[in-house]
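Presented below is the structure to which this report refers.
The values are calculated or read from the model by the stated rules, or taken from the named source; none is laboratory data. This one's a predicted model, so the numbers in the text were calculated from it and none came from an experiment. All Cβ positions, glycine included, derive from the backbone under ideal geometry; neighbour counts span all protein chains shown. Only protein heavy atoms, including side chains, enter the accessible area calculation; ligands, DNA and RNA are left aside. Shrake-Rupley method; radii C 1.70, N 1.55, O 1.52, S 1.80 Å.
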Amino acid sequence: MQRTFLLGLFVVLLAFAAGPNLFTTHANQSYEVVHGWPQLPEGFALGQTTGVEVDSKNRVLVFHRGARPILAFDGKSGNLLASFGDGLFGSAHGLTVDHEDNIWVTDASRHTVHKFSPDGKLLMSVGAADVPGVDGSHFNRPTDVAVAPNADIYIADGYGNRRIVHLNSSGEFIREWGTEGSAPGQFVDPHGLALDPDGNVYVADRGNSRIQVFTKDGKFIKEWKSKELGRPWGLDIDSKPFLFVADGGDLHPQPPERNRILKLDLNGKILEAWGSFGSYDGQFYWAHDVAAGDDGAVYVTDVNVGMRVQKFVKP
């Protein structure tokens with residue numbers, strides 16, 4: 001027994017000593033990390049980094065649990081361009097950017113969703129601050145938000161409730177769908193959202209280790225679930241369109257835990273995968289969210305030990 005334990009411990013230590021290549025999840029690492037991105041101001045450190053998205057000007061918006069919680073970086077250089085949101089949030093979580101470059105975020109502890117202009121002016125809030133609920137104007141620990149071209153709003157009301165909420169552009173309730181469970185249309189921790197060009201809604205059903213796809217009206221279309229897909233945490237659909245998935249692994253990870261990014265077509269076929277568990281550049285501890293820019297760069301937030309955002313490009 002003691003010999004087995006010591007052998008296991010040796011393997012774990014070897015994994016970390018060997019760096020990012022021992023427990024990679026894909027033989028061909030199709031994307032490479034950009035070392036030194038982003039450029040943080042002197043003395044500034046990221047907190048738990050939860051949300052990321054890229055706007056039409058190639059600004060990379062990052063949401064984190066710390067001072068200046070919404071950060072805008074230049075996608076190319078990594079220089080910090082703007083920051084805002086001090087004092088507004090209890091627990092930063094999801095972030096998206098709409099077709100007018102407005103910035104939307106969810107606060108998972110204050111039960112609210114906020115819309116900001118590209119320059120950081122608060123434009124709208126939905127949900128009752130600090131009052132959880134399960135009706136058309138209350139949420140319970142919402143995890144993510146997606147906005148359609150017509151400005152309809154989809155909210156993953158995910159930690160306290162197990163539903164998707166559909167609002168119009170003014171924040172008025174249209175419909176909801178989902179209950180707790182593992183059947184089609186049910187959820188356990190609906191954690192991430194993305195919309196495809198047809199308006200279909202993709203849900204990272206993290207607790208059920210699957211992605212579910214619905215029409216814009218909430219009708220179930222299909223699900224994807226496999227060992228290769230893992231446990232989806234965050235989603236993004238780029239302009240091509242391809243679906244990028246952050247497989248953040250399990251909630252209590254131990255090496256050789258998987259932690260990776262997947263690139264899929266919209267038929268669910270995995271085209272590429274890269275990354276592994278760890279804290280080296282190019283690795284992830286809890287890959288929480290993913291975003292793809294029009295220039296092909298991919299950005300990934302790490303919410304736990306890493307507490308960072310990394311940029312990846314094709315070699």
Checklist entry - Under 8 Å by Cβ, and 6 or more places apart or on different chains, what pairs join a residue from the stretch 282-299 that is in contact (Cβ under 8 Å) with a residue 60 or more places away in the chain and under 25 Å from Leu251 (Cβ atoms) with one that is of a type in the set (Phe, Trp, Tyr) and assigned to a loop (DSSP other than H, G, I, E, B)? => result Val298/Tyr31
Next on the checklist: Quick check on Val245: is it touching a Ser or Thr at 6+ places or on another chain (Cβ under 9 Å), at pLDDT 95 or above, open to solvent by less than 20 Å² (accessible area, probe 1.4 Å) and within 19 Å of Gly94 (Cβ to Cβ)?
Outcome noted: no
Item to check | Residue check for Asn304: closer than 28 Å to Asp98 by Cβ and either open to solvent by 10 Å² or more (accessible area, probe 1.4 Å) or aromatic (Phe, Trp, Tyr) (or both) | outcome: no
Next on the checklist: Name the single residue that is farthest from Val300 (Cα to Cα) among those in the stretch 57-101 being among the aromatic types (Phe, Trp, Tyr) and surrounded by 23 or more Cβ atoms within 10 Å (Cβ to Cβ).
Outcome noted: Phe73
Next on the checklist: Considering only residues that are closer than 25 Å to Gly293 by Cβ and either in contact with a Ser or Thr (Cβ under 8 Å, 6 or more places away or on another chain) or among the polar types (S, T, N, Q) (or both), which ones fall in the stretch 106-119?
Outcome noted: Thr106, Val113, His114, Lys115, Ser117
